[in-house]
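Structure first, commentary second.
The values are calculated or read from the model by the stated rules, or taken from the named source; none is laboratory data. None of these values were measured; they are calculated from a predicted model. FYI the Cβ positions are ideal-geometry reconstructions off the backbone, even for glycines, and counts take in every protein chain you see. In case anyone asks, the SASA skips ligands and DNA or RNA and just uses the protein heavy atoms, side chains included. Shrake-Rupley method; radii C 1.70, N 1.55, O 1.52, S 1.80 Å.
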2 protein chains.
Amino acid sequence: MKYIQSSKNPIVKQWKKLLTKKERDLTRTYIIEGFHLVEEALKQDGVVQELIVVEGVEVPRTFEAEFITTVSAEVGSLLADTETTQGIFAICRQQEREEDIVESSTFLLLDGLQDPGNIGTIIRTADAAGIDMVVLGKGTVDPYNQKVLRSAQGSHFHLPIVRMDLEELIPELQERGIPVYGTALENGVEYTGVEPAESYALIMGNEGNGMSPHTLEMTDQNLYIPIYGQSESLNVAIAAGILMYHFNQNTPKRV
Amino acid sequence: MKYIQSSKNPIVKQWKKLLTKKERDLTRTYIIEGFHLVEEALKQDGVVQELIVVEGVEVPRTFEAEFITTVSAEVGSLLADTETTQGIFAICRQQEREEDIVESSTFLLLDGLQDPGNIGTIIRTADAAGIDMVVLGKGTVDPYNQKVLRSAQGSHFHLPIVRMDLEELIPELQERGIPVYGTALENGVEYTGVEPAESYALIMGNEGNGMSPHTLEMTDQNLYIPIYGQSESLNVAIAAGILMYHFNQNTPKRV
């Protein structure tokens, strides 16, 4: 078991770099923080590359990892993204398997979403709703961003999340006979009028601008959620939740 | 038209105090920021007490207020809650009319919610879903908190929002024949099995602990949203959105 005292240690500097998207993309790894996230990550084979524990923090016996490094409180506070850190971190491997696409029937596609809290909440909701796969298109925030990970509360480890060009994926799904639903007022039908089959793809657009014109052109049908009051729109995570639960309300429970 | 240059001006200090709940409660006023919120507030009679504009900021002609004060950029940045301020603020009157209760048929009751972003999003969603009134129980964050106001995107000005003891309100609603639905797994039925009448009250509980044991004892029925995947729960704002839209999906549109 290694011990690192100094925040100037080059390994610490390397970990710290994982707070940037550039380094995460380069190394295909990311860093998570807190007991709950680490616990969920450890349940998945091959995800956790290294466990990092601040000295004095008690680790549950069930937390087994190939590599464990103990660090000083100083190093811990350097890695922490939140003010109240639990003193436990893990370096994880990004596992984006595009082959999961062929085994999936229900898809949530994110088209240019920008708010990390929204994306995390949407991933958590997709997990709850029993969606098979979440696909993040170009211009959507990195799923391994700290705030996305925190908001998703471990759902990253429950369903496949991949980054792909949606304009390539949509025709591929349509060829397999999977209907692709956009979300837009233009040419849209009220969502309650649609009873999707067992397979479908649902696209949610950017918080301010909605879906990109390119993806919008490719959908089989567009849905909208009616506004009964005076608000101009719904938050995108709320809209995603309403639609996914409407689509899945007859799905048999998996657990 | 007044002009205030110095951030040491006692009026500025008074405005600044409105960033605290204590002062908001004492004066029954609150401060809002940004063109969109100010515009929505101005549409309601008697809400805006004073408009505050940073010098050089162009105010739309439609923005008419009894009192307008121009302030220096220094004063503006002192009042601003966000880093990118638009340089326009308003002091508003809290308008909590409990008499609105008797005129309302659909209620959303918040029982001990703590996250300002959740509460703001829930108020925005309640507005969209056509709920008549939102009631914040004891222990729920102040609706006039800056972050709540920002997340609600102006819905504060679209439907009545009151703070009340839920343990007093629930029996009152039940006496009027309005069914009160809690949200809990215990003694709960799946939400899709309930088709509420035109009037109902729905209670959402605290993010971590759910509803208080006292309010939970008083409900007519409890609802739950099934989890099809592996996530432990839904975000409370997402759950509120799914339930309100399920309840209101046959409601005629108002606008």
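For the reader, a short list of remarks on this structure follows.
- Number of partner chain Cβ atoms within 10 Å, mean per residue of A:236-244: 6
- Each residue, B:THR84 and B:LYS8, gets one label point 7 Å from its Cα in the Cβ direction; the gap between the two is 3.4 nm.
- Cross-link pairs exceeding 18 Å between alpha carbons, from the set A:LYS13/A:LYS43; A:LYS147/B:LYS21; B:LYS17/B:LYS147; B:LYS21/B:LYS43; B:LYS2/B:LYS147; A:LYS16/A:LYS138: A:LYS13/A:LYS43; A:LYS147/B:LYS21; B:LYS21/B:LYS43; B:LYS2/B:LYS147; A:LYS16/A:LYS138.
- Shown for A:ILE11: label points 7 Å from Cα along the beta-carbon vector, and their distances to the equivalent points in the other copies, 6.1 nm in ascending order.
- Chain A: antiparallel DSSP beta bridges as a percent of all, rounded to 5: 30 percent
- Cut-off under 5 Å, modelled amide H: who pairs with B:ASN222 long-range: B:GLY182, B:VAL189
- Beta bridges by DSSP in the range A:2-93, antiparallel share as percent, to the nearest 5: 60 percent
- Shape analysis of the range B:116-255 based on the Cα gyration tensor places the equivalent ellipsoid semi-axes at 21, 18, 17 Å, largest first.
- Average beta carbon contacts from partner chains per residue of B:116-125, 10 Å cutoff: 3
- Paramagnetic label reach from B:VAL57 (point 7 Å along Cα→Cβ; backbone nitrogen cut-off under 19 Å): within the range B:133-153, residues B:145-153.
- Ranked by the mean number of other Cβ atoms within 10 Å per residue, highest first, peptides A:144-155, A:116-127, B:67-78, A:32-43 order as A:116-127, A:144-155, A:32-43, B:67-78.
- Exam field: B:HIS214 pseudo-label spacings to other copies (7 Å along Cα-Cβ), nanometres: 5.7
- Other residues lying with their Cβ under 14 Å from the Cβ of B:SER6 contribute a combined charge of +2, Lys and Arg counting +1, Asp and Glu -1.
- Hydrodynamic estimate: the Kirkwood radius of the protein assembly as shown over Cα pairs, inserted into Stokes-Einstein at 4 °C and 1.567 mPa s, corresponds to D of 52 µm²/s.
- Peptides B:137-143, B:171-177 ranked from most to least packed give B:137-143, B:171-177, packing being the mean of other C-beta atoms within 10 angstrom over each peptide's residues.
- Counting only the Cα atoms, the range A:8-109 fills a convex hull of 134 Å³ per residue.
- Cα centroid separation - the range A:95-113 against the range A:199-226, whole Å: 16 Å
- Using a 7 Å Cα-to-Cβ projection, A:GLY56 label spacings across copies, nm, ascending: 4.9
- A:HIS214 exposes around 110 Å² of accessible area when a 1.4 Å probe is run over every protein chain in place.
- Scoring A:233-240, A:97-104, A:179-186, B:47-54 by mean Cβ neighbours within 10 Å over their residues and listing the highest first yields A:233-240, B:47-54, A:179-186, A:97-104.
- For chain A, the Kirkwood hydrodynamic radius comes to 19.5 Å, computed from all pairs of different C-alpha atoms.
- From the alpha carbon centroid of the range B:49-78 to that of the range A:26-68 is 52 Å.
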